[in-house]
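Remarks on the structure that follows.
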Amino acid sequence: MTTTQDLSFLSLVLNASLLVQLVMLLLLGMSIASWTIIFKKTAVLRGVRRDTERFERDFWSGRDLSSLFTAAQRNTRSAAVLEHIFEAGMQEFMKAREIDAARRAMKATYQREMDILEANLPFLASVGSVSPYIGLFGTVWGIMHAFRGLANVQNATLAAVAPGIAEALVATAIGLFAAIPAVVAYNRAATDVDRLSIRFETFIEEFTNILQRQGLGK
C-alpha cells in the first residue's frame, strides 16, 4: 500500500527534482496553450467552411453581382473569407473596370485572410516536434539525479532507484501528452486550410473570368 501511494502520479510529480518539475511545468503550459489554439482554430475553420459554402450557393444561384456586393459590404464577420475576397475584387472592378486590378485586389485580400487562418499553426507544429525532446531531457536529468542519490547508499536495490526513475519518466509521459494532440490538430488544421485555399484560388479564377466577360460586354 505504501509503495503504491508513493508511486502515485501526484507523488511522483511533487517528489521530482526541481529541474524536472520545471520541465513538467513548461510542458504543461505548452499543452494548455496548444489545446487553447486547437479549440479556437477548430471553431474558426468550421465557421469559415460554413460561410464559404453559403456564399458559394448564393454566388452560383444566379443572384445579381450588385446585390451580392451590397450584402458583402454589410457582412463584417471574420469567417466570411470568400465574401471578403469577392468584395475586394468587385470594388476594384467597379472603380476602373480593370480586370488585372480586380485580380490583384482579390489576391491581396486572399493572402491576408490566409495569414490569419494559418496563424498559430507553426506553434502547434513546434509543440508537436519539441515536446517529446523536452520531456526526454527531463527524464534523462531525473534518472541521473536518481543514480547520483545511490552514491551514498551501500545496498543499491531496484526498490531504492525505482521511485527516482518513475519520477523522471513522468516528464516523458507529459511530453507525449503535449505532443500527440498538437501533431494531430496541426495535420487536421493544415489540411483544412489547404482545402479552403484551393477553393478560394479557384473562385478568384472563376470570378476573374466572369468580370472579364462583363468587361468585354461593356
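The values are calculated or read from the model by the stated rules, or taken from the named source; none is laboratory data. No experiment lies behind these values; they were computed from the predicted model shown. All Cβ positions, glycine included, derive from the backbone under ideal geometry; neighbour counts span all protein chains shown. Surface accessibility is based on the protein's heavy atoms, side chains included, excluding ligands, DNA and RNA. Shrake-Rupley method; radii C 1.70, N 1.55, O 1.52, S 1.80 Å.
Below is a table of values for the structure above.
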| item | result |
| --- | --- |
| Which numbered condition Ser61 misses (of (1) under 24 Å from Lys41 (Cβ atoms); (2) without any contact (Cβ under 8 Å) to a residue 40 or more places away in the chain) | (1) |
| Hey, Ala43 at pLDDT below 90, assigned to a helix (DSSP H, G or I) and not hydroxyl-bearing (Ser, Thr, Tyr) or not | no |
| Subset of segment 33-51 (residues that are touching a helix residue (DSSP H, G or I) at 6+ places or on another chain (Cβ under 9 Å) and under 21 Å from Ser126 (Cα atoms)) | Ala33, Ser34, Trp35, Ile37, Ile38, Lys41, Thr42, Val44, Leu45 |
| Of residues in segment 141-150 being in contact (Cβ under 8 Å) with a residue 12 or more places away in the chain and open to solvent by less than 70 Å² (accessible area, probe 1.4 Å), the one nearest to Ile32 (Cα to Cα) | Gly142 |
| Residues located in segment 108-124, provided they are in contact with a helix residue (DSSP H, G or I) (Cβ under 8 Å, 6 or more places away or on another chain), farther than 20 Å from Arg77 by Cβ and surrounded by fewer than 16 Cβ atoms within 10 Å (Cβ to Cβ) | Phe123 |
| Any hit, segment 90-97, residues being polar (S, T, N, Q), over 30 Å from Ile165 (Cβ atoms) and modelled with pLDDT under 95 | yes |
| Residue satisfying all of: in segment 21-40; of a type outside the set (A, V, I, L, M) and open to solvent by less than 20 Å² (accessible area, probe 1.4 Å); nearest to Asp194 (Cα to Cα) among these | Ser34 |
| Complete set of residues in segment 56-66 that are under 31 Å from the mean Cα position of the chain (by Cα) and of a type in the set (D, E, K, R) | Glu56, Arg57, Asp58 |
| Hey, Met106 out of contact with any Gly (no Cβ under 9 Å at 6 or more places or on another chain), farther than 30 Å from Val23 by Cα and in contact (Cβ under 8 Å) with a residue 60 or more places away in the chain or not | no |
| When residues of segment 164-180 are limited to those that are under 35 Å from the mean Cα position of the chain (by Cα), modelled with pLDDT under 80 and of a type outside the set (D, E, K, R), the one least open to solvent (accessible area, probe 1.4 Å) | Ala168 |
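Per-residue answers, yes or no, for (1) modelled with pLDDT under 80; (2) small (Gly, Ala, Ser); (3) over 15 Å from the mean Cα position of the chain (by Cα):
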| site | (1), (2), (3) |
| --- | --- |
| Val127 | no, no, no |
| Gly149 | yes, yes, yes |
| Ala162 | yes, yes, yes |
| Ala182 | no, yes, no |
| Ala190 | no, yes, no |
| Val193 | no, no, no |
| Gly217 | yes, yes, yes |
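Per-residue answers, yes or no, for (1) open to solvent by less than 20 Å² (accessible area, probe 1.4 Å); (2) under 27 Å from the mean Cα position of the chain (by Cα):
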{"site": "Val48", "(1), (2)": "yes, yes"}
{"site": "Arg54", "(1), (2)": "no, yes"}
{"site": "Leu68", "(1), (2)": "yes, no"}
{"site": "Ala71", "(1), (2)": "no, no"}
{"site": "Ser78", "(1), (2)": "no, yes"}
{"site": "His84", "(1), (2)": "no, yes"}
{"site": "Phe93", "(1), (2)": "yes, no"}
{"site": "Glu98", "(1), (2)": "no, no"}
{"site": "Arg104", "(1), (2)": "no, no"}
